[in-house]
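One structure is given here, and the rest of the page talks about it.
The values are calculated or read from the model by the stated rules, or taken from the named source; none is laboratory data. Note that the coordinates shown come from a computational prediction; the quantities given were computed from them, not determined experimentally. Neighbour counts run over all protein chains shown; Cβ positions are idealised from the backbone, glycine included. Areas reflect the complete protein model, heavy atoms only, side chains present, ligands, DNA and RNA absent. Shrake-Rupley method; radii C 1.70, N 1.55, O 1.52, S 1.80 Å.
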Amino acid sequence: MNYSLSEEQEMIKPYSLTEEQEMIRQSIRRFAQEKVAPLAAEIEETGHYPDELVQMMNQQGIMGLPYETKYNGGGGNLLTMCVGMEELAKVCANTAMVPVTQELGAMPIVVGGSEEQKQSYLPQIASGQSRISFALTEPDAGSDVASMRTKADFDGRNYIINGVKRFISYADIADEMCVFAKTDTSKGAKGVSAFVVDKKTPGITIGKKENKMGFRGFSSCEVYFENVVVPAENRLGEEGDGFKIAMKTLDKTRPLVGVIGVGLAQGALDAAIAYTKERKQFGQSISQFQGLQWMMADMAMQIEAARQLVYKSASVIDQGEPGGAMYGAMAKCYATDVAMKVTMDAVQLLGGVGYMKEFPTERYFRQAKLLQIVEGTNQIQRVVIAHQLLK
Ligand SMILES: Cc1cc2nc3c(=O)[nH]c(=O)nc-3n(C[C@H](O)[C@H](O)[C@H](O)COP(=O)(O)OP(=O)(O)OC[C@H]3O[C@@H](n4cnc5c(N)ncnc54)[C@H](O)[C@@H]3O)c2cc1C
């Protein structure tokens, strides 16, 4: 049976970028090209992310862009973030990950925190003074989040957290973590609660930094919790709200993973076009071969379709229009599948040098793979979309 848009979805307004969003794009593009691009290859190669770049992003207001002005943020929305992050990802996806992962860590507070909790955490997060991680995944609970084993037992005043989290981005440098743990192991998803945990709390140990295939400019670590005492006032929402908070968070942040895919893909296509114009074989520039031209045309079409879907999803979520979760899943899934395909084709367009570290295409290709996995694999995005279709 064909899926037909519901009346509500037909009413979704078209989006357009404001003058301010265009200005933000230009300003972040300049910053990306002048300050970030020269360091992109080195960041990936050494796995060291320079603190000076984070400081520059703080000064430029990039870290604070999505937070409300009352929390010292830039007052931007998800669409503004998408526009800005695309520019960073085009030259250095490791750099786009810094504000994007910060927003992932902060979003549970935004969607589930009290006003007092927001006042207490968000200003430092928006100014970049405090870094925050999102700690959901566990060794035995990846896609099946509700099967998590980390427990938070209430002793009348505090929660005592025990368990292990895996692949937690920036866990080694974070000041705080949003941690999801079971307060009632008999209730499945409804037994999960969310907490803001100060990383200096005794009992927290950060495991080794994973040795990743790509995105080597940011760390991913295991985190061990052993009798970690967390005050009750650090719980977000009510007991049992944690799963809902985690899902609402991911609904709002998935377009950002999608837009990193768009930026990566555009960066790879730009590099491929430049190379094919210069490279000569059979007495002519290889860009003159129709076989390659059609590849480039397909890549450009796919990138533009992905960009429009990502921007649209961000706008739907910003406006609180119906279908935000489905649009977010579609945008993340489609744009990151496009990123994988386009970056692979970009390597092909460069031939042998496309496989070498002297050219950026191999980096884009390795990085694109991660985007199909994080914040819910692309199989899980399809589960989310199908669930909406079959409701
Ligand atoms: C570099 C990196 C950084 C990360 N950062 C964070 C972070 O900061 N915080 C955090 O909490 N997590 C983080 N993650 C975890 C990430 O979100 C998970 O890896 C992801 O959700 C998949 O879980 P998994 O790896 O356990 O795979 P699994 O769930 O074991 O999946 C294995 C395969 O089975 C498929 N599969 C599973 N269930 C289904 C189903 N129902 N239908 C069809 N196919 C299915 C998956 O799509 C996948 O192909 C990070 C991961 C990586 C690699």
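Okay, here's what the table says:
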| read-out | value |
| --- | --- |
| Bins of 5 Å, starting at 0 and running to the largest distance - Cα pair percent for region 243-389 | 2, 11, 19, 19, 16, 11, 9, 6, 4, 2, 1, 0, 0 |
| Helical contribution to [θ] at 222 nm, DSSP H n ≥ 4, -39,500 (n - 2.57), averaged over the chain, rounded to 500 | -16500 deg cm²/dmol |
| Value of relative contact order over the chain, rounded to a whole percent, pairs C-alpha under 8 Å and six or more apart | 17 percent |
| Most mobile listed residue (Lys190, Lys13, Lys332) in the chain, GNM with C-alpha springs under 10 Å | Lys13 |
| Region 53-99: relative contact order in percent, alpha carbon pairs under 8 Å with at least 6 residues between | 26 percent |
| Exposure of His48 as accessible area (Å², to 10), given a probe of 1.4 Å and all protein chains | 120 Å² |
| Selection from Met326, Leu350, Met295, by position along the positive dipole direction of region 243-389 (Cβ) | Met326 |
| Calculated log₁₀ intensity ratio I(q)/I(0) where the Debye formula runs over C-alpha points of the chain, q = 0.09 Å⁻¹ | -0.53 |
| For the chain, size of Cβ-based charge dipole, Lys and Arg +1, Asp and Glu -1, in debye | 720 debye |
| Rough spin-label spacing in nm, given labels placed 7 Å along Cα→Cβ, for Arg30 and Gln55 | 2.1 nm |
| Rounded percent of accessible protein surface that carbon and sulfur make up, the chain, 1.4 Å probe | 52 percent |
| Fluctuation leader among Thr201, Thr150, Thr80 - the chain, Gaussian network, Cα springs under 10 angstrom | Thr201 |
| Rg and Dmax [Cα atoms of region 333-391; Å; Rg one decimal, Dmax integer] | 14.6, 50 |
| The chain - accessible surface per residue (Å², probe 1.4 Å) | 45 Å² |
| C-alpha long axis of helix 378-389 to longest principal axis of the chain, angle in ° | 80 degrees |
| Beta bridges by DSSP in the chain, antiparallel share as percent, to the nearest 5 | 85 percent |
| Rel. contact order, % - alpha carbon contacts under 8 angstrom, at least six apart, region 85-196 | 23 percent |
| Label-point separation, Ala146 to Lys280 (7 Å along Cα→Cβ), nm | 6.5 nm |
| Stretch gain in nm, segment Met213-Lys341, where the contour uses 0.36 nm per residue and the Cα spacing is subtracted | 44.3 nm |
| Exposure rule at most 16 other beta-carbon atoms within 10 Å, DSSP loop GluC sites (Glu not before Pro): the chain longest free segment | 69-209 |
| Under 13 Å from the Cα of Lys182 - aspartates and glutamates, other chains or at least 8 residues apart | Glu138, Asp153, Glu238, Glu239, Asp241 |
| Using alpha-carbon coordinates, inclination of helix 324-350 to the longest axis of the chain, degrees | 40 degrees |
| Cross-link table Lys280/Lys332; Lys199/Lys244; Lys90/Lys391; Lys151/Lys252; Lys13/Lys212, entries beyond 31 Å C-alpha to C-alpha | Lys280/Lys332; Lys90/Lys391; Lys13/Lys212 |
